[in-house]
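Heads up, the thing below is written out as structure tokens.
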Amino acid sequence: MASTLKQAAQAHIQQARQHYQAAEYQQAFVLLERAHLLGQRFLWLHLQTHWWMLKCGVRQQVAAEIRGQLLRLLAVLPAYLLGWVPLGNTGGANVSALRPMPIPPEFLPLFPRYPVLRDMTLRLVVVFVLLGVFMVC
């Protein structure tokens, strides 16, 4: 099920890039919000959505969006490592980065039961193992 979720997020990012290249920044941003909702639990997809949201904010000269996306880009890795995924969050600067939001009905079948605690524990173990390895070196 995760691969279906990933594929849906990738498709939305690709469509958003096409709109961006056509200078249709608002349409691109809407697709990026949907891509964020779908792909935020995958590190690379999460980074991509915020990067493209930042680019849309720059093109539209929206200072709040630029600021918000820069902060979100900095927070993606720590949030990923901690397993923090506010389900349904659309990722724009107009909503809190910590706020879970309802998942649109058309996306519900794509969302498996997501074991946040298990993922968070696994990620923290990996981080501590890597830190231990680097401290020994």
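Taken together, the values in this text are just the output of simple stated rules run on the coordinates, not laboratory data. Treat the numbers as computed from the prediction; the structure is a model and nothing was measured. With ideal geometry, Cβ positions are generated from the backbone for all residues, glycine too; neighbour counts draw on all protein chains shown.
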Hull volume in cubic angstrom per residue (convex hull over the Cα atoms of segment 2-136): 111 Å³
Cα long-axis angle, helix 63-82 against the chain (0 to 90 degrees, to the nearest 10): 30 degrees
Inter-site label distance for Ala64 and Leu87 at 7 Å from Cα along Cβ, in nm: 2.8 nm
Cβ-based charge dipole, the chain, positive-most Cα from Gln60, Leu74, Leu131: Leu131
